[in-house]
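Have a look at this one.
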Amino acid sequence: GINAEYGAAIQRQSKTGEPWKKIIIVIEGIFSMEGAMTKLRQMVELKKKYKAYLYLDEAHSIGAIGPNGKGVCDYFNVPTSEIDIMMGTFTKSFASAGGYICGSKALIETIRANSYSFFYDNPLSAGCCEQIVSSLDIIVNDPEGKIRINRLKENTNYMREKLIKNGFTVFGRKDSPIIPIMIYSIDKIGAFSRLCLNENVAVVVAGYPATPLFLERARLCVSASHTKEDLDKSIEVMTRIGRKCGICK
């Protein structure tokens, strides 16, 4: 919830005491470094309470979660009409380039009329557009789409549960395809990544300033294409290296 101090700050400007003319709440569907999901229903309630606008970034959730792969609105069964602005990327689930933004007709026309990139950037290539359309078609219309979404969920939860069982500190929510393994030491992130790579397991690590100091981590992104053998091999290598580096029990 929102405490009284923040509630007062939201309702009125601190210097003038005048009410704010516009409030925009900006959230991510899945937080890219934490693997946590936004509390979407509570955010919608907050938006209504303070007559705010809700801006949802679905870069890591669209095409990845929800029974139909349509992101956090699908996952939490919240109508998309409750969200004022929805955006995401085509570089992850759609394996292409660029991104999208959705909203009212008036909003989109305003963005088109005022966006620097709309006037001065290049459009997507035909190949990238076809990749996006075909990926969307698989997610929405092809039975294979649901099979992949369910497999991603199974792979994600399998990996998360095994890592926790093996003694790692794992952040994030169940069903989130982003799995942060906490390393907590800036001098260990390079060693962990390099030693894993020596055994053909590529691990993305992140430290300050991408994370707070002493909250260094490895960020795993599981795919529907990973087999159980892939996951077991990765878990075995990361556990062995993690114990060598002193980041798991």
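The values are calculated or read from the model by the stated rules, or taken from the named source; none is laboratory data. Keep in mind it's a predicted model, so treat the numbers as computed, not measured. Because the Cβ atoms are built from the backbone with ideal geometry, glycine has one as well, and the counts that use them run over all protein chains shown. The accessibility values were calculated without ligands, DNA or RNA, using every heavy atom of the protein model including side chains. Shrake-Rupley method; radii C 1.70, N 1.55, O 1.52, S 1.80 Å.
Could we say that ILE186 is at negative phi and modelled with pLDDT of 95 or more here?
Against the criterion (at negative phi and modelled with pLDDT of 95 or more), ILE186 does not qualify.
Answer yes or no: is there a residue in segment 56-78 that is farther than 22 Å from LYS174 by Cβ and either modelled with pLDDT of 95 or more or assigned to a loop (DSSP other than H, G, I, E, B) (or both).
Scanning segment 56-78 turns up no residue that is farther than 22 Å from LYS174 by Cβ and either modelled with pLDDT of 95 or more or assigned to a loop (DSSP other than H, G, I, E, B) (or both).
Working only within segment 122-132, note down all residues that are surrounded by 12 or more Cβ atoms within 10 Å (Cβ to Cβ) and not polar (S, T, N, Q).
Within segment 122-132, LEU124, CYS128, CYS129, GLU130, ILE132 qualify.
Among the residues of segment 92-121, what is the count of those that are free of Cβ contacts under 8 Å to residues at least 12 places away in the same chain and either open to solvent by 50 Å² or more (accessible area, probe 1.4 Å) or hydrophobic (A, V, I, L, M, F, W, C) (or both)?
Here the count works out to 15.
Residues of segment 170-211 being part of a loop (DSSP other than H, G, I, E, B), free of Cβ contacts under 8 Å to residues at least 40 places away in the same chain, over 25 Å from ASN155 (Cβ atoms) and small (Gly, Ala, Ser), which ones?
Within segment 170-211, GLY207 is the sole residue that qualifies.
Please verify whether ARG151 is of a type in the set (Lys, Arg), without any contact (Cβ under 8 Å) to a residue 60 or more places away in the chain, assigned to a helix (DSSP H, G or I) and within 29 Å of LEU220 (Cβ to Cβ), treating the condition exactly as stated.
Spelling it out, it is not the case that ARG151 is of a type in the set (Lys, Arg), without any contact (Cβ under 8 Å) to a residue 60 or more places away in the chain, assigned to a helix (DSSP H, G or I) and within 29 Å of LEU220 (Cβ to Cβ).
Would you say LYS162 is touching a helix residue (DSSP H, G or I) at 6+ places or on another chain (Cβ under 9 Å), touching a residue at least 12 places away in the same chain (Cβ under 8 Å) and surrounded by fewer than 15 Cβ atoms within 10 Å (Cβ to Cβ)?
no
Taking PHE214, is it more than 30 Å from PRO67 (Cα to Cα), outside any loop (DSSP other than H, G, I, E, B) and in contact with a helix residue (DSSP H, G or I) (Cβ under 8 Å, 6 or more places away or on another chain)?
The answer is no for PHE214.
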